[in-house]
1. Using only Cα atoms, tell me the angle between helix 80-89 and the longest principal axis of the chain; keep it within 0 to 90° and round to the nearest 10.
2. Relative to the longest principal axis of the C-alpha atoms of the chain, give the angle of the C-alpha long axis of helix 184-198, reported between 0 and 90° and rounded to the nearest 10°.
3. Roughly how tilted is helix 470-480, in degrees to the nearest 10 and between 0 and 90, from the longest Cα axis of the chain?
4. List, in the order given, every pair from K333/K385; K79/K178; K178/K414 whose Cα-Cα distance in the structure shown is over 24 Å.
5. In percent, how large is the relative contact order of the stretch 416-523, given Cα pairs closer than 8 Å and 6 or more residues apart?
6. Identify which of the listed values of Cα extents along the principal axes in Å was calculated from the structure shown: (1) 74, 55, 50; (2) 75, 56, 41; (3) 80, 59, 46.
7. Per-residue ellipticity at 222 nm for the chain, helices alone: DSSP H runs ≥ 4 residues times -39500 (n - 2.57), over residue total, nearest 500 deg cm²/dmol?
8. Which of rounded, prolate, oblate describes the stretch 186-413, given a ≥ b ≥ c as roots of the alpha-carbon gyration tensor eigenvalues and a/c under 1.5 marking rounded, otherwise prolate only if a/b is larger than b/c?
Amino acid sequence: MPHALALVFDDPAGRGRMAWTYAELDEGVDRLARGLIAWGVIRGDHVAVMAGNSPEWVLLEYALARIGAVLVTVNTALKRDEIGYILSQGQVSTLFFSRWQRGYDVGAAISTLTPDLTLLTRICGLEDDDAPATMGWKALLDGGGSISDDALAEVSDQVCPSDIAQIQFTSGTTGSPKGAMLRHRSIVNNARLMAARAGFVPEDRLLSAMPLFHTAGCVCNVLGMLMAGGCLILMPSFDARDMVALVEREGATIINAVPTMYLRMLEELDAMGSGQPALSSLRIAFTGGTSIPPELMRRLKMRFGAEPMIIMGMTEASPIITQTNPADDFERKITTAGIPLPHTELRIGEPGTGTTLACGQVGELLIRGYQITAGYFDMPDATEKAISPDGWLSSGDLAVLDEDGHLTIVGRIKDMLIRGGENIFPVEIEKFLQTHPDVTDAYVVGVPDPDLGEEIFAFVRLRDGARVGEHELKQFCRANLSRQKMPRYVRVIETLPMTANGKVQKFALRELAARLMTEETEKA
């Protein structure tokens, strides 16, 4: 185990390939933990990390947990005011950052923020030119030489399973971002139970570009492989060509990616033709989200030969709630979000009242268990609204639970359309559109209508080389969907607005749909 590979970082455009055994990783974590202590970071301090995927990020995740400091994750897509909000709301005293993020000068933004952030007293740049850092990465590591093994052990021994390990800020699509506090026991056990359910083994090599600032990266990937004693092959960011090449080069057995990433990989394989890399090492295709298109999972099975592993999770649940049952047949695996992880309670509540509904009825998914957030940091009202006095977390998801415990996500409560008094679930229409042979992706939103209240607007992305038109897609729907589910508007789109972790921004699609309707009205 000490000499087994723990982490491989592959950055074709920058630092090249780097690799660490478990022994080397543990030594690096200890060295960083000593440096943090010498710098004055103590148990309970809130330490933010704003950087892309890197070995330093992984070391920080482990070292901060080792000394009992709280990791505050910061999305690398954020700009000045958004960064300032996280650092202020999260009461951050220490910041680690990389200066340039997608062409944006994070260092310049921080320079203008620091006069107002009185709690922020320590800033470390992960690269040499990361102004306005007060400490460099190498100097931090070298500064821990005065901290003895006994001193480090004394600090580590004070960390408790019930302590807060991370504060993960939600996306803020329904108001200001909220910092979900996740305990050590929550994230560690969630990763452990996920790995056990999936059958991860020490020989596994998990390839992923999922951002470490999300739980999919820092819990499912980092801690998931730790629990199995396997190796994480970390990419700095997602690139479809690099990812399919890495499968062969690194002998990856598991991939963790969101559906849009898998779609790009399939497109890349189609473009490669006969020069495709060997994918025979893969055994698990791991994905999650609100709803996973079954047709996508069929294509993955055909091209990758990997078994599907679908999860349903949310940040506030550390994150996994349900996961594929390996004993199920293939169709059951790809048409549900699986069954609850051990020690997780689920029920379906009537939206608004929370009254428990019978199996087979559509309602809001409610969750209770060890993995539920300790609350939103410094937001007691938001915590009270999200978590009932007896511990049930409101997910905001519309779902159905069958008698065998399998969960099916119908959609988000806020995404449900009411067209002429009928409840319409966008996921159902999206899944249908994705069965068209020329369609690779589809998303449905509601737009205002003076007669019916709301109308259905479908955005469709086509496969490379496809030429099907919007009229033909409407005919396809008309021939196979009931009238109330028929999209009134269908628009073919080349690119979709995405979050940093590969999820489509439906609020942006609603805004685009409204703008397109306005333009058509003005032309008329």
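Each value in this text was obtained by applying a stated rule to the coordinates, not by laboratory testing. For clarity, every value in this text was computed on a predicted model and none was experimentally measured. Cβ: placed from backbone, ideal geometry, glycine included. Neighbour counts: every protein chain shown.
1. Taking the Cα atoms of the chain, the angle to 80-89 is about 70 degrees.
2. 60 degrees
3. The angle comes out near 70 degrees.
4. With Cα atoms farther than 24 Å apart: K333/K385.
5. Relative CO of the stretch 416-523 lands at 23 percent.
6. Working out Cα extents along the principal axes in Å from the coordinates points to (1).
7. It comes out at -9500 deg cm²/dmol, rounded to the nearest 500.
8. In terms of gyration-tensor shape, prolate.
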